[in-house]
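Structure, as structure tokens:
The values are calculated or read from the model by the stated rules, or taken from the named source; none is laboratory data. Since this is a predicted model, take the numbers as computed values, not measurements. Here the Cβ is made from the backbone with ideal geometry for all residues, glycine too, and neighbour counts use every protein chain on show. Side chains included, ligands, DNA and RNA excluded: accessible areas come from the protein's heavy atoms. Shrake-Rupley method; radii C 1.70, N 1.55, O 1.52, S 1.80 Å.
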Amino acid sequence: MPVTGTDIWYYYICHREVWLMKHQIAPDQEDESLDIGRFISEMYYKRDKKGMSIGNIVVDRIRQEDGQLVIGEVKKSSRYIKSAKMQLLYYLDTLRKMGIYAKGELLFPEERKKEMVEWTEEAKEELEQAIEHIRRIARMPVPPERKKIPFCAKCAYREYCWAEE
């Protein structure tokens, strides 16, 4: 079962959301948070190439710096930096398997911040464990129990989980 960068992102936030996505239960496409994310990605970093597909991954930005490939992931906020970092590490690991050695850059335009991310053996081990756990979650017959977390307030699945409250 293929795992995507988006699966990695949500794994570090909400396992229930991973299950919903893996079972093709679509989030609310009219959700404001989704629109804001798309807008931010389009408005900033206009000089970089945007939305490039490489194999089974789609990177937000790609550029060359001193002969080194740098891939960028644009996020609204650094609030979920662990998720963002692991998603970017997934992209770096996927590229390494293709023989492409790149650096990663997390971009937070609204905060005017960026953070460099580099592939390491330790990160690869954590990533492999996360991928295996994502596959176990996807094979579950029902979603994991809902758990109220700060992310719920802006989640495009919030009505699925919390409609009766």
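Here are some notes:
- Among the residues of the stretch 80-100, those identified as open to solvent by 10 Å² or more (accessible area, probe 1.4 Å), farther than 15 Å from Val3 by Cα, in contact (Cβ under 8 Å) with a residue 12 or more places away in the chain and not charged (D, E, K, R) are Tyr80, Ile81, Met98, Ile100.
- Residue pairs whose Cβ atoms lie under 7 Å apart, separated by 6 or more positions or on different chains, with the first residue in the stretch 140-164 and closer than 17 Å to Ala26 by Cα and the second acidic (Asp, Glu) and surrounded by 13 or more Cβ atoms within 10 Å (Cβ to Cβ), are Cys155/Glu17; Ala156/Asp28; Ala156/Asp31; Tyr157/Glu17; Glu159/Asp28.
- Taken together, the criteria exclude Arg135 from residues that are open to solvent by 70 Å² or more (accessible area, probe 1.4 Å) and on the phi > 0 side of the Ramachandran plot.
- Among the residues of this structure, Glu110 counts as one that is in a helix (DSSP H, G or I), open to solvent by 70 Å² or more (accessible area, probe 1.4 Å), farther than 22 Å from Pro2 by Cβ and at pLDDT 85 or above.
- Among the residues making up the stretch 141-158, those that are out of contact with any His (no Cβ under 9 Å at 6 or more places or on another chain) and surrounded by 11 or more Cβ atoms within 10 Å (Cβ to Cβ) are Arg146, Ile149, Phe151, Cys152, Lys154, Cys155, Ala156, Tyr157, Arg158.
- For the stretch 108-123, the set of residues classified as of a type in the set (Lys, Arg) and closer than 13 Å to Leu88 by Cβ consists of Lys114 only.
- One residue stands out among those in the stretch 1-18 that are hydrophobic (A, V, I, L, M, F, W, C) and assigned to a loop (DSSP other than H, G, I, E, B): the one that is nearest to Ile134 (Cα to Cα), which is Val3.
- Candidates Ala130, Ala138, Ala102 - the one that is under 12 Å from Ile8 (Cβ atoms) and among the small types (Gly, Ala, Ser): Ala130
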